[in-house]
Amino acid sequence: MDLIIFNDNSYRNFFPIAVTRPVSDIRVGILKLRQRTAAFFEEENYKLVVPEYLKNLWKDRFKTKENFINPEVKNDILCINSRIKVTEESVKKIKEMPQNTFLTCGKEIAAVKTNKIESSELDFETIKNITDKLTGIEIKAKFWNYIWDFVNENAKMIEEDFKDFFYEGENFYETEQGVTVLNPYNVWIGEGTQILPGTVIDASEGPAVIDENVKIMPNSVITGPVYIGKNSIVKAASKIYEGTSVGPVCKVGGEIENTIFQAYSNKQHDGFLGHSFIGEWVNIGADTNNSDLKNNYKNVKVYSHAHKDKIDSGTKFLGCFIGDHAKIGINCSLNTGCVIDPGCNLYGKDLISDYVKSFSWGQFNNLERYKFDKFAETADAVKKRRNSSISDVEYDFYDKIFRNGSVI
């Protein structure tokens, strides 16, 4: 039976991060959603169903994996919604599904198990429509519903991932003289990682996972629950507080709290960043700060692409959401709940607030349209610094956003 992790039509609730990736690829805790689902079901050879607007981009990204994205289907399949919160209870319910049934939680399709689908290119509509021919079973389950859910639950998810995937694993590490580790049994350090003197790793309140080939420069303080991804660099005298996940190949510094970096992004200078989600290929300049709490202590309202308006996030602590390839200059201030779409280049003394549409350029109160050729030139230059480049498919994807104002 083939395991298929599918993305439904709720992707707008996860913009701007999901503009350029399916929800299944979003990081929370230590793992991406699809990685966690595959691990719980002990299946490495799973397949993905992504929304139509991402199909070509994701097939290009995984072109070496045959029949991986929106695959051809002929055999029995088990389809699992990428947004379901994977727990022992939800996994048990899915594994116990009879053939030709589907699980629902209210209006949400949680999982489908069937041998009645034959498709040359599986998509969500096909999965949704087949439920008319199957027996439905109502269950209690929890789903990820908005992009800020990941920020709110990131500390908890780091703890759960540590318990599920790291705690029982062998990990024998030695640190340099002058490195302080509090509660060492709650710390996991990968091979090739260098932690320089003066660093404090405090895992007394939650686990600290420092992955392979990380460099932590002197006099940094890292407080768990925290995850630092492979090949990332923590700059000298950094303060990385609880609830922070740094994906692979990032450079981080200054003061960071309860923030997720998807991957390949830099915030390596002084300045505060809290309760935020940063996409890929983002750069945040020196002494730039964000607010993550309103002066009146009320819930933060955030622009929702699905509602085309600001909605109540239900939380008092919330920072900013920055899409892929956005650049924020030095000495900028980002207001509480700020949403910045992909491809923006922002600078200046104006308070950056509310919502900034893709490919905006300049100071917040006098934004202009970014020239696409300039954007593409910069994006390619940035990726080449990491031995990558913009493919023709990726170029066309961003060009469509630029011309249409949206990918959908």
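The stretch 230-336 holds strands (runs of 3 or more DSSP E) entirely within its bounds, and those carrying 1 or more residues that are touching a residue at least 40 places away in the same chain (Cβ under 8 Å) and closer than 27 Å to LEU31 by Cα map to 244-246, 260-263, 272-274, 277-280, 301-304, 320-322. Just for the stretch 105-138: of the residues that are free of Cβ contacts under 8 Å to residues at least 24 places away in the same chain and of a type in the set (Asp, Glu), which one is nearest to PRO71 (Cα to Cα)? If we take residues in the stretch 105-138 being free of Cβ contacts under 8 Å to residues at least 24 places away in the same chain and of a type in the set (Asp, Glu), then GLU125 is nearest to PRO71 (Cα to Cα).
Just name the residue that is nearest to ASN231 (Cα to Cα) out of those in the stretch 370-389 that are crowded, with 17+ Cβ neighbours inside 10 Å and not aliphatic (A, V, I, L, M).
LYS383
Scanning the stretch 284-299 for residues that are in contact with a Gly (Cβ under 9 Å, 6 or more places away or on another chain) and either hydroxyl-bearing (Ser, Thr, Tyr) or surrounded by fewer than 19 Cβ atoms within 10 Å (Cβ to Cβ) (or both) gives GLY285, ALA286, ASP287, THR288, ASN289, SER291, LEU293, LYS294, ASN299.
Regarding LEU334, is this residue touching a Gly at 6+ places or on another chain (Cβ under 9 Å), surrounded by 23 or more Cβ atoms within 10 Å (Cβ to Cβ) and either modelled with pLDDT of 95 or more or not polar (S, T, N, Q) (or both)?
yes
Checked against (1) modelled with pLDDT under 95; (2) on the phi > 0 side of the Ramachandran plot, ASN100 passes all but a single condition, namely (1). Within the stretch 143-155, which residues are in contact with a helix residue (DSSP H, G or I) (Cβ under 9 Å, 6 or more places away or on another chain), surrounded by 15 or more Cβ atoms within 10 Å (Cβ to Cβ) and part of a loop (DSSP other than H, G, I, E, B)? Within the stretch 143-155, TRP144, TYR146 qualify.
Tell me, please, whether a residue that is of a type in the set (Gly, Ala, Ser), touching a residue at least 60 places away in the same chain (Cβ under 8 Å) and in a loop (DSSP other than H, G, I, E, B) can be found in the stretch 183-202. No, because not a single residue in the stretch 183-202 is of a type in the set (Gly, Ala, Ser), touching a residue at least 60 places away in the same chain (Cβ under 8 Å) and in a loop (DSSP other than H, G, I, E, B). Of the residues making up the stretch 354-388, those that are assigned to a loop (DSSP other than H, G, I, E, B) and not aromatic (Phe, Trp, Tyr) are ASP354, LYS357, SER358, GLN363, LEU367, LYS371, ARG385, ARG386, ASN387, SER388. SER220 satisfies every condition listed in (1) touching a helix residue (DSSP H, G or I) at 6+ places or on another chain (Cβ under 6 Å); (2) crowded, with 20+ Cβ neighbours inside 10 Å except (1).
Does the stretch 32-49 include one or more residues that are aliphatic (A, V, I, L, M), farther than 25 Å from CYS105 by Cβ, within 15 Å of the chain's Cα centre (by Cα) and surrounded by 22 or more Cβ atoms within 10 Å (Cβ to Cβ)?
Checked the stretch 32-49: no residue is aliphatic (A, V, I, L, M), farther than 25 Å from CYS105 by Cβ, within 15 Å of the chain's Cα centre (by Cα) and surrounded by 22 or more Cβ atoms within 10 Å (Cβ to Cβ).
Among the criteria (1) at pLDDT below 95; (2) of a type outside the set (Phe, Trp, Tyr); (3) within 24 Å of LEU54 (Cβ to Cβ), the one CYS79 does not fulfil is (1). Looking only at the stretch 1-44, filter to residues that are charged (D, E, K, R) and not in a loop (DSSP other than H, G, I, E, B); which one of those is farthest from ASP354 (Cα to Cα)? Per the criteria, the residue is ASP2. The single condition from (1) surrounded by fewer than 19 Cβ atoms within 10 Å (Cβ to Cβ); (2) without any contact (Cβ under 8 Å) to a residue 60 or more places away in the chain that SER90 fails is (1).
The values are calculated or read from the model by the stated rules, or taken from the named source; none is laboratory data. None of these values were measured; they are calculated from a predicted model. Cβ: placed from backbone, ideal geometry, glycine included. Neighbour counts: every protein chain shown.
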